[in-house]
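This report refers to the structure that appears directly beneath it.
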Amino acid sequence: MTDTVSLWIDGKKTAARSARAGDVTNPATGAVIRKVPLCNAADIDAAVQSAKRAFPEWREATPLRRARVLARFRELLESHRSELAQLITEEHGKTLPDAAGSVQRGLEVAEFASGVPHLLKGEHAEDVGRGIDCHSMLQPLGVCAGITPFNFPAMVPLWMFPVAIACGNSFVLKPSEKVPSASMLMAELFKQAGLPDGVLNVVHGDKDAVDAILAHPDIAALSFVGSTPIARYIYETAAKNGKRVQALGGAKNHAVVLPDADLEFTADALVGAGYGSAGERCMAVSAVVAVGDVGDRLVARIRDKAAKLPVGPGDRAGVEMGPLITRAHRDKVRGYVDAGVEQGAKLVLDGRAFEVSGHADGHFIGPTLFDDVKPDMTIYRDEIFGPVLSVLRAGSLDDAIALVNANPYGNGTAIFTRSGAAARRFQNEVQVGMVGINVPIPVPMAFFSFGGWKQSLFGDLHVHGMEGVYFYTRRKVVTTRWPAEAEQPKVSSMVMPTH
């Protein structure tokens with residue numbers, strides 16, 4: 001009999017009230033490995049009420065106490081990293097080393113959050129007026145929520161709830177229903193670290209659960225990572241319901257390659273950035289802009305390296321690229337390749353018919369490479385979210401920057417060059433939130449913040465780093481005066497106060 005994933009409410013595993021359930025499949029085999037409840041509004045309310053009850057006590061916990069709980073949680077994450085990676089590979093399909101690396105990047109956010117006594121320090125100024133001091137405080141919001149995608153079952157949730165909880169909030173997490181198990185394990189580990197019951201709750205579900213979260217009056221703030229159409233819907237709906245929102249959307253990340261680049265190094269970097277995690281990364285490079293006469297040589301190197309990539313089940317030793325998350329998504333990616341051929345792009349490497357021996361029902365597609373792609377083609381306009389790399393040509397750095405800036409997305413980009421002047425100009429002029437210089441996937445460390453521009457972000461603040469702290473807190477400014485009794489004003493002043 002197939003096991004059903006529980007909810008995590010009030011510090012324990014809890015059965016869902018909803019009778020609806022979905023399948024969790026192993027992408028490498030296509031087999032259903034467990035069931036996941038699809039929560040209804042009553043399930044969401046139960047989690048929110050638990051978080052609401054837990055908030056007052058946790059809010060009053062000193063930042064130092066919260067920091068110690070976060071530090072223990074980080075240690076438990078470290079000791080269970082292999083277990084988390086195995087769950088991710090089983091439900092998502094990415095390779096074990098890739099899964100372990102993603103856990104490490106999430107763990108670093110928990111480590112950052114454990115510095116919360118320093119992060120929550122406000123500002124102070126003496127004598128802003130005669131005998132008057134002013135200081136600011138960062139205070140928690142209340143119940144916060146996070147809705148996270150399938151492609152990073154541990155890392156993206158860890159971008160959110162450790163920072164929110166360190167700041168004194170309680171939290172309701174809804175991971176993707178395709179990959180529910182890592183979040184459940186992390187909730188158990190947080191309890192073991194000493195987190196009070198109800199401060200972190202985990203629910204599961206599809207659009208019904210999402211809409212219940214968006215509408216719930218007791219949720220003060222919402223974080224989201226996913227596709228741009230859904231990010232826009234999340235932002236508009238939650239904001240309309242009076243919530244603070246950060247909604248990170250999709251991407252079309254460009255790598256600009258100048259003629260002076262080290263082509264061997266660059267090709268290796270682009271193969272990893274384009275085909276790692278089967279392209280199911282919001283920071284994956286999906287569009288390469290070859291400047292000047294570098295294109296033919298670059299394409300040949302990428303083709304030769306990509307054709308040799310070991311593709312197979314993510315838990316198999318030596319495999320560097322696993323399957324896509326579902327059969328439907330694999331078929332969608334194949335459809336994009338069909339469209340690229342029909343619209344006149346040059347198909348250099350075709351992964352549509354790729355098969356893995358013994359895994360006929362797995363969701364595999366091989367590395368795919370297009371050349372001579374034009375900006376009006378579907379494979380360039382849309383976020384494919386699969387192992388499809390498109391090469392465009394540009395005559396100059398000016399043309400390349402203009403191409404990147406004309407794209408509606410602005411998540412990440414990179415430039416490969418030996419020229420400091422070209423790199424400096426690129427980083428200053430490109431309209432993208434995260435930039436790599438000879439770094440193909442410029443994901444910031446936890447003490448910086450992650451997020452894009454344009455249609456890659458809806459909201460004002462990015463995740464983790466200090467922007468994450470500011471998102472999960474409200475600033476309060478206190479102006480203080482302690483006059484001697486003889487200095488007390490004898491009459492009320494009707495004049496605008498000045499200092």
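Which one of these does GLU177 not meet: (1) within 21 Å of ASP3 (Cα to Cα); (2) surrounded by fewer than 24 Cβ atoms within 10 Å (Cβ to Cβ); (3) in contact with a Phe, Trp or Tyr (Cβ under 6 Å, 6 or more places away or on another chain)?
Checking GLU177 against (1) within 21 Å of ASP3 (Cα to Cα); (2) surrounded by fewer than 24 Cβ atoms within 10 Å (Cβ to Cβ); (3) in contact with a Phe, Trp or Tyr (Cβ under 6 Å, 6 or more places away or on another chain), the one that fails is (3).
Is it the case that some residue within region 131-142 is open to solvent by less than 10 Å² (accessible area, probe 1.4 Å) and on the phi > 0 side of the Ramachandran plot?
Looking for residues that are open to solvent by less than 10 Å² (accessible area, probe 1.4 Å) and on the phi > 0 side of the Ramachandran plot, one finds at least one in region 131-142, hence yes.
So VAL432 passes all but one of these: (1) of a type outside the set (D, E, K, R); (2) part of a helix (DSSP H, G or I); (3) open to solvent by less than 30 Å² (accessible area, probe 1.4 Å); (4) over 29 Å from HIS118 (Cβ atoms). Which condition number does it fail?
It fails just one condition, (2).
Hey, among the residues in region 304-335 that are buried (at least 17 other Cβ atoms within 10 Å of the Cβ) and in a helix (DSSP H, G or I), which one's nearest to the chain's Cα centre (by Cα)?
Looking at residues that are buried (at least 17 other Cβ atoms within 10 Å of the Cβ) and in a helix (DSSP H, G or I), I get HIS329.
I need the full set of residues from region 1-11 which are in contact (Cβ under 8 Å) with a residue 60 or more places away in the chain and either within 29 Å of GLY312 (Cβ to Cβ) or surrounded by fewer than 13 Cβ atoms within 10 Å (Cβ to Cβ) (or both), in order please.
VAL5
Among the residues of region 279-308, which ones are touching a residue at least 60 places away in the same chain (Cβ under 8 Å) and under 13 Å from ALA394 (Cα atoms)?
ALA287, VAL288, VAL289, ALA290, VAL291, GLY292, GLY295
Which residues, counting only those in region 350-376, are under 30 Å from ALA394 (Cα atoms) and part of a loop (DSSP other than H, G, I, E, B)?
Correct list: ASP350, GLY351, ARG352, ILE365, GLY366, PRO367, ASP372, VAL373, LYS374, PRO375, ASP376.
For region 435-451, which residues satisfy the criterion of being open to solvent by less than 20 Å² (accessible area, probe 1.4 Å) and within 19 Å of TYR472 (Cα to Cα)?
Across region 435-451, the qualifying residues are ALA446, PHE450, GLY451.
Could you tell me whether HIS363 is open to solvent by less than 10 Å² (accessible area, probe 1.4 Å) and either of a type outside the set (Val, Ile, Thr) or free of Cβ contacts under 8 Å to residues at least 40 places away in the same chain (or both)?
So HIS363 fits the description; yes.
Starting from residues that are of a type in the set (Gly, Ala, Ser) and without any contact (Cβ under 8 Å) to a residue 40 or more places away in the chain, keep the ones in region 12-50 and report whichever is nearest to PHE150 (Cα to Cα).
That would be ALA21.
What tally of residues in region 252-303 results from selecting those that are open to solvent by 30 Å² or more (accessible area, probe 1.4 Å) and outside any helix (DSSP H, G or I)?
Residues flagged as open to solvent by 30 Å² or more (accessible area, probe 1.4 Å) and outside any helix (DSSP H, G or I) within region 252-303 amount to 4.
Among (1) among the polar types (S, T, N, Q); (2) in contact with an Asp or Glu (Cβ under 6 Å, 6 or more places away or on another chain); (3) open to solvent by 20 Å² or more (accessible area, probe 1.4 Å), which single condition is SER82 missing?
SER82 satisfies every listed condition except (2).
Please tell me if VAL356 is closer than 30 Å to ALA247 by Cβ and either in contact with a Pro (Cβ under 6 Å, 6 or more places away or on another chain) or touching a residue at least 40 places away in the same chain (Cβ under 8 Å) (or both).
In short, no.
Just to be sure before I move on: is VAL24 assigned to a strand (DSSP E or B), at negative phi, open to solvent by less than 30 Å² (accessible area, probe 1.4 Å) and touching a Gly at 6+ places or on another chain (Cβ under 8 Å) in the structure I sent?
So VAL24 does not fit the description; no.
For the condition over 29 Å from the mean Cα position of the chain (by Cα) and either over 30 Å from GLY312 (Cβ atoms) or touching a residue at least 60 places away in the same chain (Cβ under 8 Å) (or both), what is the one hit in ALA394, ALA402?
ALA394
Considering only residues that are in contact with a strand residue (DSSP E or B) (Cβ under 9 Å, 6 or more places away or on another chain), outside any loop (DSSP other than H, G, I, E, B), open to solvent by 10 Å² or more (accessible area, probe 1.4 Å) and not basic (Lys, Arg), which ones fall in region 185-224?
Listed by number, the residues that qualify are GLU188, VAL210, ALA220, PHE224.
Would you call GLU108 part of a helix (DSSP H, G or I) and surrounded by fewer than 24 Cβ atoms within 10 Å (Cβ to Cβ)?
yes
Those residues that are among the small types (Gly, Ala, Ser), more than 16 Å from the chain's Cα centre (by Cα) and within 23 Å of GLY366 (Cβ to Cβ), I need them from region 239-272; list them, please.
Of everything in region 239-272, those that are among the small types (Gly, Ala, Ser), more than 16 Å from the chain's Cα centre (by Cα) and within 23 Å of GLY366 (Cβ to Cβ) turn out to be ALA255, ALA267, ALA269, GLY272.
Strands (runs of 3 or more DSSP E) wholly in region 129-179 with at least 3 residues that are closer than 13 Å to HIS204 by Cβ and either at pLDDT 95 or above or touching a Leu at 6+ places or on another chain (Cβ under 8 Å) (or both) - which ones?
Qualifying strands (runs of 3 or more DSSP E): 170-174.
Just to be sure I understand, how many residues within region 268-292 are of a type outside the set (Ser, Thr, Tyr) and more than 20 Å from VAL404 (Cβ to Cβ)?
Qualifying residue count for the region: 6.
Of LYS52, LYS94, LYS13, which residue is among the basic types (Lys, Arg), touching a Ser or Thr at 6+ places or on another chain (Cβ under 9 Å) and part of a strand (DSSP E or B)?
LYS13
The values are calculated or read from the model by the stated rules, or taken from the named source; none is laboratory data. These numbers come from a predicted model, not from an experiment. Cβ coordinates were reconstructed from backbone atoms using ideal geometry, including for glycine residues, and neighbour counts include every protein chain displayed. The area values use the complete protein model at the heavy-atom level, side chains included, leaving out ligands, DNA and RNA. Shrake-Rupley method; radii C 1.70, N 1.55, O 1.52, S 1.80 Å.
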